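Student: Right, I'll just put the structure down here and ask away after.
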Amino acid sequence: MATVHLRIGDLVWGKLGRYPPWPGKIVSPPKDLKKPRGKKCHFVKFFGTEDHAWIKVEQLKPYHAHKEEMIKINKGKRFQQAVDSVEDFLKKAKGKEQNSDGKGDSKGKKASNKPLKILEEDDEDLSLGLEFPLSLKLTMLRFIMQDTGSTSIQAADSTAINGSITPTDKRIGFLGLGLMGSGIVSNLLKMGHVVTVWNRTAEKCDLFIQEGARLGRTPAEVASMCDITFSCVSDPKAARDLVLGPSGVLQGIRPGKCYVEMSTVDPETITELSQVITSRGGRFLEAPVAGSQQLSNDGMLVILAAGDRTVYEDCSSCFQAMGKTSFFLGEAGNAARMMLILNMVQGSFMATIAEGLTLAQATGQSQQTFLDILCQGQMASTFVDQKCQNILQGNFKPDYYLKHIQKDLRLAISMGDMANHPTPMAAAANEVYKRAKALDQSDNDISAVYRAYIH
């Protein structure tokens, strides 16, 4: 097969991950956007969206040569709109070409025919002076696209200078370097924040010390050294112990110090922590995050905040570094309530998908065909595709621990009881997750709930 050489300005079909090929144009990346390491790729602007992404050369095909093939396999409304955008672009380009016939080129430079070189580690000249939104200038870029729609990447409430995040001059502390905390701290450091870290298992701090973080010996020391201290731990007991236990955060709180609780816990725990922090003159914000380990690594979490509005504003650059958007929900406890509802829905949905896969198998249907049909319908999503593919491949590496989603279901059910509101679907899902935990699936991904149906 002949090698196709692509260049800046070429129209292409770009395929990202397991998602359908999408029409785009090869453009020059902004000079301050770092390229992926070890990948030979082009920077592509996609039609029909405001999305851009680095695409490996083997995942690119010339637009015209493969147009009919791609239109046959992709039928979504957004996909058709993207193709229409390409055709409009071609018509306009043709019109400009006809208008310029016979007029010479004295008032304009000819488009360069120089091929875009494959990006290597030491490339420096990566810009044609194009203007790009802030989100493209984050070091980590996540792009999600599917035939039923696309999601643009946007930073929340961005305050930027020269297109990049201006890190706060406040000293940041971070307690808890688990699946979520590790990605958050990494992005805080990448965006120039001064961060002091602590983790119960001290060895987890080593990597971040190498990246420029400082080491705190105890939660109390971190809180006393830093202006804003974040924590992200596993459950209500761990959150309380971190604040109220020996050498805990409370011992380091002084008037004006800020404490931000990012753990997914119940509203009662948030109320208790808020009261003890403010009783010492501290300022309190809860800010649990919706997402997964991958989204944490990519700086694309959704932050739900509640409590002291001034703390929320002081955390602006931190939230920009770790997330794609943030919401302020009012008084402390509201973010915990909202997060539990969101995770209740996610956990119940995952259990239902697992039930469908196993029922398909039990009735002699192809699980892969079930997934293919599902991903062409109204329920198509990145979540469904990734989780189901992992199940079929037997890959249950944790992106969000099963034991944590079961904890969230339990807390959501309890919250429903207190509000005298029925939660029968969540209660049923909770029982399935409890069975999965009994089968030693606690430390696997939430998709391992599948195994509760096959044992």
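The values are calculated or read from the model by the stated rules, or taken from the named source; none is laboratory data. Note that this is a predicted model, so its numbers are computed, not measured. Cβ atoms come from the backbone with ideal geometry, glycine included; neighbour counts cover every protein chain shown. When the accessible area is computed, the model is the full protein with side chains, heavy atoms only, and any ligands, DNA or RNA have been set aside. Shrake-Rupley method; radii C 1.70, N 1.55, O 1.52, S 1.80 Å.
Student: So how many residues does the stretch 377-394 have that are surrounded by 15 or more Cβ atoms within 10 Å (Cβ to Cβ) and assigned to a loop (DSSP other than H, G, I, E, B)?
Tutor: Of the residues in that region, 2 qualify.
Rundown of residues vs (1) in the same structural domain as Ser263 (by the TED database); (2) of a type in the set (S, T, N, Q); (3) touching a strand residue (DSSP E or B) at 6+ places or on another chain (Cβ under 9 Å), yes/no style:
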residue	(1), (2), (3)
Leu392	no, no, no
Phe396	no, no, yes
Leu409	no, no, no
Thr423	no, yes, no
Ala426	no, no, no
Asn430	no, yes, no
Tyr433	no, no, no
Gln441	no, yes, no
Ile446	no, no, yes
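Student: Name the single residue that is nearest to the chain's Cα centre (by Cα) among those in the stretch 299-325 being polar (S, T, N, Q) and open to solvent by less than 20 Å² (accessible area, probe 1.4 Å). First the steps, then the outcome.
Tutor: Step one: filter the stretch 299-325 for residues polar (S, T, N, Q), giving 310, 316-317, 320, 325.
Adding the requirement that they be open to solvent by less than 20 Å² (accessible area, probe 1.4 Å) leaves 317, 320.
Details: Ser317: 17, Gln320: 12 Å.
It comes out as Gln320.
Student: When you scan the stretch 401-455, how many residues do you find that are assigned to a loop (DSSP other than H, G, I, E, B), surrounded by fewer than 23 Cβ atoms within 10 Å (Cβ to Cβ) and at negative phi?
Tutor: Within the stretch 401-455, the first condition is being assigned to a loop (DSSP other than H, G, I, E, B), and the residues that meet it are 419-423, 439-444, 453-455.
With surrounded by fewer than 23 Cβ atoms within 10 Å (Cβ to Cβ) added as a condition, the list becomes 419-423, 439-440, 442-444, 453-455.
Checking the rest, the ones that are also at negative phi come to 419, 421-423, 439, 442-444, 453-455.
Within the stretch 401-455, residues that are assigned to a loop (DSSP other than H, G, I, E, B), surrounded by fewer than 23 Cβ atoms within 10 Å (Cβ to Cβ) and at negative phi number 11.
Student: Still on this structure, please answer the following. Which condition breaks for Thr352 when tested against (1) within 13 Å of the chain's Cα centre (by Cα); (2) in the same structural domain as Asn395 (by the TED database); (3) of a type in the set (Val, Ile, Thr)?
Tutor: Unmet for Thr352, out of (1) within 13 Å of the chain's Cα centre (by Cα); (2) in the same structural domain as Asn395 (by the TED database); (3) of a type in the set (Val, Ile, Thr): (1).
Student: Among the residues of the stretch 220-233, which ones are open to solvent by 10 Å² or more (accessible area, probe 1.4 Å), touching a Phe, Trp or Tyr at 6+ places or on another chain (Cβ under 8 Å) and under 29 Å from Ser442 (Cβ atoms)?
Tutor: The first filter runs over the stretch 220-233 and keeps only residues open to solvent by 10 Å² or more (accessible area, probe 1.4 Å), leaving 220-221, 224-225, 227, 232-233.
Keeping just the survivors that are touching a Phe, Trp or Tyr at 6+ places or on another chain (Cβ under 8 Å) gives 221, 232.
Once the filter is applied, which keeps residues that are open to solvent by 10 Å² or more (accessible area, probe 1.4 Å), touching a Phe, Trp or Tyr at 6+ places or on another chain (Cβ under 8 Å) and under 29 Å from Ser442 (Cβ atoms), the stretch 220-233 yields only Cys232.
Student: Within the stretch 262-289, how many residues turn out to be open to solvent by 10 Å² or more (accessible area, probe 1.4 Å) and of a type outside the set (Gly, Ala, Ser)?
Tutor: Total meeting the criteria: 11.
Student: Report every pair of residues separated by at least 6 positions or lying on different chains whose Cβ atoms are under 7 Å apart, first residue within the stretch 239-252 and within 10 Å of Gly282 (Cβ to Cβ), second β-branched (Val, Ile, Thr) and outside any helix (DSSP H, G or I).
Tutor: Val249/Thr229
Student: In the stretch 357-366, which residue that is open to solvent by 20 Å² or more (accessible area, probe 1.4 Å) and either assigned to a helix (DSSP H, G or I) or modelled with pLDDT under 95 (or both) is nearest to Ala426 (Cα to Cα)? Break it down stepwise before answering.
Tutor: Of the residues in the stretch 357-366, the ones open to solvent by 20 Å² or more (accessible area, probe 1.4 Å) are 359, 361-366.
Narrowing the set further to residues that are either assigned to a helix (DSSP H, G or I) or modelled with pLDDT under 95 (or both) leaves 359, 361-362.
Details: Leu359: 20, Gln361: 24, Ala362: 24 Å.
By that ranking, first place goes to Leu359.
Student: Got at least one residue in the stretch 271-288 being at negative phi, among the β-branched types (Val, Ile, Thr) and within 25 Å of the chain's Cα centre (by Cα)?
Tutor: Residues of the stretch 271-288 at negative phi: 271-280, 282-288.
Checking the rest, the ones that are also among the β-branched types (Val, Ile, Thr) come to 271, 276-278.
Restricting the remaining residues to those that are within 25 Å of the chain's Cα centre (by Cα) gives none.
Looking through the stretch 271-288, none of the residues is at negative phi, among the β-branched types (Val, Ile, Thr) and within 25 Å of the chain's Cα centre (by Cα).
Student: When residues of the stretch 333-356 are filtered for being open to solvent by 30 Å² or more (accessible area, probe 1.4 Å) and not aromatic (Phe, Trp, Tyr), how many remain? Spell out how you get there, then give the answer.
Tutor: Filtering the stretch 333-356 for residues open to solvent by 30 Å² or more (accessible area, probe 1.4 Å) gives 334, 337-338, 341-342, 344-346, 349, 352, 355.
Filter again for not aromatic (Phe, Trp, Tyr), leaving 334, 337-338, 341-342, 344-346, 352, 355.
Residues that pass the stated criteria total 10.
Student: Moving on to the next point. So which residues in the stretch 237-261 are open to solvent by less than 10 Å² (accessible area, probe 1.4 Å), out of contact with any Pro (no Cβ under 6 Å at 6 or more places or on another chain) and of a type outside the set (Asp, Glu)?
Tutor: Ala239, Val243, Gly252, Ile253, Cys258, Tyr259, Val260
Student: Considering only the stretch 242-314, give the helices (runs of 4 or more DSSP H) lying wholly within it that have at least 1 residues that are more than 20 Å from Ile228 (Cβ to Cβ). First the steps, then the outcome.
Tutor: Details: elements: 267-279, 293-297, 309-314.
Because the criterion is at least 1 residues that are more than 20 Å from Ile228 (Cβ to Cβ), the helices (runs of 4 or more DSSP H) in the stretch 242-314 that meet it are 267-279, 293-297.
Student: May I ask you to say which residue of Val27, Val86, Val57, Val4 is over 22 Å from Asp385 (Cβ atoms), in contact with a helix residue (DSSP H, G or I) (Cβ under 9 Å, 6 or more places away or on another chain) and at pLDDT 80 or above?
Tutor: Details: Val27 fails: in contact with a helix residue (DSSP H, G or I) (Cβ under 9 Å, 6 or more places away or on another chain); Val57 fails: in contact with a helix residue (DSSP H, G or I) (Cβ under 9 Å, 6 or more places away or on another chain); Val4 fails: at pLDDT 80 or above.
Only one candidate qualifies: Val86.
Student: Going residue by residue through the stretch 283-301, is there one that turns out to be under 25 Å from Glu331 (Cβ atoms) and polar (S, T, N, Q)? Spell out the reasoning first.
Tutor: If we filter the stretch 283-301 for residues that are under 25 Å from Glu331 (Cβ atoms), which is where we start, we get 283-291, 301.
In the following step, the residues that additionally are polar (S, T, N, Q) were identified as none.
No, the stretch 283-301 has no match at all.
Student: Determine which single condition Met191 fails, assuming it passes every other condition in (1) out of contact with any Lys or Arg (no Cβ under 8 Å at 6 or more places or on another chain); (2) open to solvent by 50 Å² or more (accessible area, probe 1.4 Å); (3) at pLDDT below 95; (4) within 18 Å of Cys315 (Cα to Cα).
Tutor: Of (1) out of contact with any Lys or Arg (no Cβ under 8 Å at 6 or more places or on another chain); (2) open to solvent by 50 Å² or more (accessible area, probe 1.4 Å); (3) at pLDDT below 95; (4) within 18 Å of Cys315 (Cα to Cα), only one is false for Met191: (2).
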